[in-house]
Amino acid sequence: MMSERAIIVTGASRGIGAAISEHLAQAGFIVGCLSRSGELPRREQASAIVRSRWIGLAADVTNPATVRNAIEHVAARGTIVGLVNNAGLHTEARSEELAISDWNALLAVNATSVLACSQSVYPHLVRHRSGLIVNIGSFFDKLGVKRNLAYCASKAAVAAMTRVLAVEWAAAGIRVLNVAPGYIVTDLNRAQMMEGPLKAYLSKRIPAGEPGSADDVAHLVASFFDIEVPFLTGETIYIDGAQGVAH
Ligand code: NDP
């Protein structure tokens, strides 16, 4: 009997990672849902079939040993064919006041973890000489956003890592993509984004008129696992309502 295909999603308990976990399970994949809490994705409307394909796992992406344990757990249930590096942290500070410890903490979650988690799935993907790693970056990777030095730098690092990993691992049949969202409404930021000064600012700045949804990003990510395009690798794909290219 052919084993089921499994994908690891980091930061899967809520927000964009939860939506990605639902869309991938709907597409028939077993999904290893990693977060520090290990809670199943917060998606009230998810069907029983989707829930049966989720494996909730407590792992901290800044602690590679916990990630490796979680991945082995998933490997016992299905063949690992992919990884979505989604876990992320966003903090703001003026650069002259940014504590080095805060810079290190943000880079550890947003950038270093992409290397650590990718290294952890590599032996599984290389065994079958195929696999897809999707990193979740941000359109801030090409912008200079006030109070966002660490976040912008971390997402630029993710775009760079996407290119290098794609080049190094292409011969092993492993593709690496970077999906870079613009402003996305999630449960955590809904109040902030849909009311008050930020809503007015965003409706002026986003050519598409309003922020995107976690489902928009999840649709795109799931489509990359659905339609296999072997020549597509190493690229950043922006999903930002054209905000990043507007002048
Ligand atoms: P949320 O804050 O809503 O969710 C973050 C997820 O990551 C949670 O599941 C959290 O679970 C998990 N997480 C945080 N730290 C760790 C850790 N050290 N180890 C394991 N899991 C961790 O984030 P969003 O859904 O808003 O963002 C997801 C990704 O999308 C991030 O990379 C973000 O930078 C990117 N992005 C988001 C945008 C937006 O507008 N929302 C725009 C552009 C990019 P737990 O606390 O249990 O660990």
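Values quoted throughout were computed directly from the atomic coordinates according to the rules given, and no laboratory measurement underlies them. Everything quoted here is computed from the prediction, not taken from an experiment. Because the Cβ atoms are built from the backbone with ideal geometry, glycine has one as well, and the counts that use them run over all protein chains shown.
Brief remarks on what is shown
- Estimated [θ] at 222 nm from DSSP helical runs (n ≥ 4, -39500 (n - 2.57)) normalised by residues in the chain, nearest 500: -12500 deg cm²/dmol
- For the range 42-179, the fraction of C-alpha pairs farther apart than 18 angstrom is 60 percent.
- Surrounding net charge for GLY241, when Lys and Arg each add one and Asp and Glu each subtract one, Cβ distance under 11 Å: -2
- Along the range 224-231 the Karplus relation, 6.51 cos²θ - 1.76 cosθ + 1.60 evaluated at θ = phi - 60°, assigns HN-Hα couplings of 5, 7, 8, 9, 7, 10, x, 7 Hz to successive residues, with x for each Gly and Pro.
- Entry for the chain at q = 0.09, 0.10, 0.14, 0.18 Å⁻¹: log10 I(q)/I(0) = -0.36, -0.45, -0.90, -1.48, Debye formula applied to identical alpha-carbon scatterers, no solvent contribution.
- Between 0 and 90 degrees, the angle of helix 196-205 with respect to the longest Cα principal axis of the chain falls at about 80 degrees.
- Computed label-point distance, nm, for sites ASP215 and ASN69 using a 7 Å Cα→Cβ extension: 3.7
- Between helix 15-26 and the chain: long-axis angle, C-alpha atoms, 0 to 90°, nearest 10: 30
- Exposed trypsin sites (Lys or Arg not before Pro) absent - longest run of the chain, DSSP non-H/G/I/E/B, at most 12 other C-beta within 10 Å: 147-247
- Computed over neighbours whose Cβ is under 11 Å from that of ALA46, the net charge equals +2, Lys and Arg +1, Asp and Glu -1.
- Degrees, to the nearest 10: 64-75 long Cα axis against longest axis of the chain: 50
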